[in-house]
1. Ordered by residue, what ³J(HN,Hα) values in Hz, to whole numbers, does region B:405-415 give under the Karplus form 6.51 cos²θ - 1.76 cosθ + 1.60, where θ = phi - 60° and Gly and Pro are x?
2. With 10 Å bins from zero, work out the P(r) of the protein assembly as shown over every alpha carbon pair and list the percent per bin.
3. Compute the accessible area of each residue in region B:130-149 twice, once for its chain alone and once with every protein chain present, using a 1.4 Å probe on heavy atoms, and list those whose area falls by at least 50 Å².
4. Rolling a 1.4 angstrom probe over the protein heavy atoms, how many square angstrom per residue are accessible across region A:121-292?
5. Per residue, how much space in cubic angstrom lies within the convex hull of the C-alpha atoms of region A:236-352?
6. Tell me, which residues of region B:316-340 get at least 30 Å² less accessible area when the other protein chains come in, versus the chain alone (1.4 Å probe)?
7. ³J(HN,Hα) across region A:391-404 via Karplus (A = 6.51, B = -1.76, C = 1.60, θ = phi - 60°), whole Hz, x for Gly/Pro?
8. With the label 7 angstrom out along Cα to Cβ, how close does residue A:232 come to the same site in each of the other copies, in nm, nearest first?
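The values are calculated or read from the model by the stated rules, or taken from the named source; none is laboratory data. Keep in mind that this is a model prediction, so the values were computed, not measured. Backbone-built Cβ (ideal geometry, glycine too); neighbour counts: all protein chains shown. These area figures cover heavy atoms from the full protein model, side chains too; ligands, DNA and RNA do not enter into them. Shrake-Rupley method; radii C 1.70, N 1.55, O 1.52, S 1.80 Å.
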Protein chains: 2
Amino acid sequence: MDRLLPDGGLALASLGEQVLQPGVKGLPLTEPMRQGAIGVQRWNVLRGDTSYPVALLKESALLHNLDWMHSFCARHGAVLAPHGKTTMCPQLFGAQIANGAWGMTLATAAQVQVAYRFGVRRVLLANQLVAPSDIHAMVALMKSDPRFEFMALADSEAGVHRLSQAVVASRLERPLPLLVELGLQGKRAGCRTPEQAMAVARAIKKAPGVQLAGIEGYEGLLHSHDRHHAVEAVQAFVAQLVALVREADKEKLFGGEQIVLSAGGSAYFDLVARGFAGVKGLSRPVLPVLRSGCYLTNDHGFYQDLTQDVDQREHVSSGLRPALEVWSMVLSRPEPDLAILSMGKRDASYDMELPLPLYVHRPGEPGAFGAEEAVDLSPGCRIDKMNDQHAYLRLPEGDPLCTSLQVGDLIGCGISHPCTTFDKWPLLLVVDDAYTVRYAVNTFF
Amino acid sequence: MDRLLPDGGLALASLGEQVLQPGVKGLPLTEPMRQGAIGVQRWNVLRGDTSYPVALLKESALLHNLDWMHSFCARHGAVLAPHGKTTMCPQLFGAQIANGAWGMTLATAAQVQVAYRFGVRRVLLANQLVAPSDIHAMVALMKSDPRFEFMALADSEAGVHRLSQAVVASRLERPLPLLVELGLQGKRAGCRTPEQAMAVARAIKKAPGVQLAGIEGYEGLLHSHDRHHAVEAVQAFVAQLVALVREADKEKLFGGEQIVLSAGGSAYFDLVARGFAGVKGLSRPVLPVLRSGCYLTNDHGFYQDLTQDVDQREHVSSGLRPALEVWSMVLSRPEPDLAILSMGKRDASYDMELPLPLYVHRPGEPGAFGAEEAVDLSPGCRIDKMNDQHAYLRLPEGDPLCTSLQVGDLIGCGISHPCTTFDKWPLLLVVDDAYTVRYAVNTFF
């Protein structure tokens, strides 16, 4: 069994059977093609075989990152429920679960439905469950499938009452497990103080139809350019979560067989794992659940930078590798220091940084830039603007490689923040290290 | 025939027949549902029937805008090839063509393939056609369907030679029509001077397999906060395009039966139409082609602001109306002046402005805010941040309506820049003025 294409049941298999119509971004189709037939085409991105822009996942980096995170969790005694909202890619969900993930984290009821449809059977909804239709949808999954494990967050007594009433009305035969969300002053959802969190925990204990399954927080919101300060703030927050678990356990508020203690985005998950390790002596076992979503692809910007800090703190030399690239073509060379690329806001993240130009290649003339394979671009090259469908690549004056850049050349870009690139691609191509396309994966946004 | 659901052939009809799975954003599905069955559900967004976030198109505004632009073009003797990249929505393409559009403009070969599949038979590709796979795909459409009219841009002699070679090799039996793109110093693609443009026009005249069909530019890049300056710059650029047409005609460079003269985004199309009017006395008729994409939905921000200037310049009192709204639910009220909404970077534009909170409603308690229908939010309310799946709604201190805002309340937002909201929704709901869902439309990004 391929580690990246695990047996995920009929729904996952059906993606390979679906017929793609011409007009899917990145694919060079003039006739409909079965998705599963993509691999045998042996398209090579550097040879100019695909359409551009095209979004690529490097298989070797994905496999490395799966192993890396599996070892990390084993070392720290934590389990992983990777945040599926990053990719919303059923094949990658399947790969994550086949490679040791305990379950999936998701952000919305619709995302949970997608994950369930493709075989995910344990979900942490890292969000409040509020809309009647969403409560109904989640309860319907729990009722129809007793094996389906689901838990959601709560951060107010009012929210708990809403949920409790809806669950009781639904005649669900098992309690809906809830994690109390501890938040941060000035930040997103979540109780602002441990006292408020305890009040919500007590409300859950009292309310019919729901059960206190654990405590949750999201330390990623503490990101700051002062790295030392961020680390201290995360450590303090993680300690608060642990203290809250102990206090709620002392009051006997938890139901179920274990206590879920969850935090951990993609920047400080090592601090979370260390802070959660060894919480013992409670009425039932504590399960530390990390939720990193971006570890699987990492990136060339924001997360690469932050996970290099993780490597330092963990004393590991081989860290997470960037797996996601967007390749585009030079459409125009209107000025000596400007190339216009066939890639825009519809194709690559622009919320944290603009795409990072890394490589250049001339299809059909493999030696054009002095090497057979793609060549590194000069560090002075940068994308300084994107429109909906175009990027502006600025070239350093006098750089010989850049001077020779011409219409039809390929530019490979890294991105910063995988979540906002995945959501621009209904289909991404998985490539080997020579940029030959192995197969396609799908997203459901 | 419904003006918004025209007869667009089998492919368009098939969208109503497709079966939607649970997990499509905005839909409250727990079982698969045929898309065409959405209307009979009579879901009402204010009643809390859908899932949230949900993206809505107001039918009355769409119809108004279709009529408005049709009258505008008739008045100015121009035709419309609306930029389909804005919506990438086949049903809206169909409505635009059924309501008088001459053709569609698109930005990429993949977009052209989508439009062709759903019945569009005249396309202006407002972009350079460079990648071999894209040239192949466009030529394949032209070869397979003699009725399919297609034209693309060219801005360099090198690009013309590339295209010419590829077309000749393809044995296409009619010439590929090209428009020379006049650009702007420091901006996107396009020739930087009329002299360069003339050189490209001459290259097209000489090259086999291609034909000079017209002159093109995009004045929208001249947008500036100095409105007076922007208007003058646009007028000067439009005059340059007209002069270029005259010069190329004098040199007898055009082929075909008419000369396409095209510009016009969604901000200054009136200046373009006025500048293009009455270009006569050439060797063949001149067809002014406007390309506004955002007129159909307008918005509550960037484009509303700019099209109000159009109204002033045109002396019309009833301008384009915003048709696109994103509704989300209050998930958390963690601080007195903060509400967390179920809508984020995955759901609404954030490239020009963050979403603009407009309305509030409490489902199940229609009078909660003093009226049966949705109530205007205080002008002091603003969204000051979005994460991937959440928005931060800041509430003015002491405002009674805001103070009473609670978990489960609905917030209706306008957006700024429709292109970057459409691309976040595979399916949008068309609603009547009472927010009852009439039917769904699809996007293909």
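1. Each residue's phi maps through the Karplus curve to give 4, 9, 3, x, 5, 9, 10, x, 10, x, 10 Hz.
2. 2, 12, 22, 25, 20, 12, 5, 1, 0, 0
3. Hits at the 50 Å² cut-off: B:130, B:133.
4. Ligands and nucleic acids excluded, the figure is 40 Å² per residue.
5. 160 Å³
6. Buried by the other chains: B:329, B:331, B:332, B:334, B:335.
7. Each residue's phi maps through the Karplus curve to give 10, 9, 8, 8, 10, x, 4, x, 5, x, 4, 5, 4, 7 Hz.
8. 5.5
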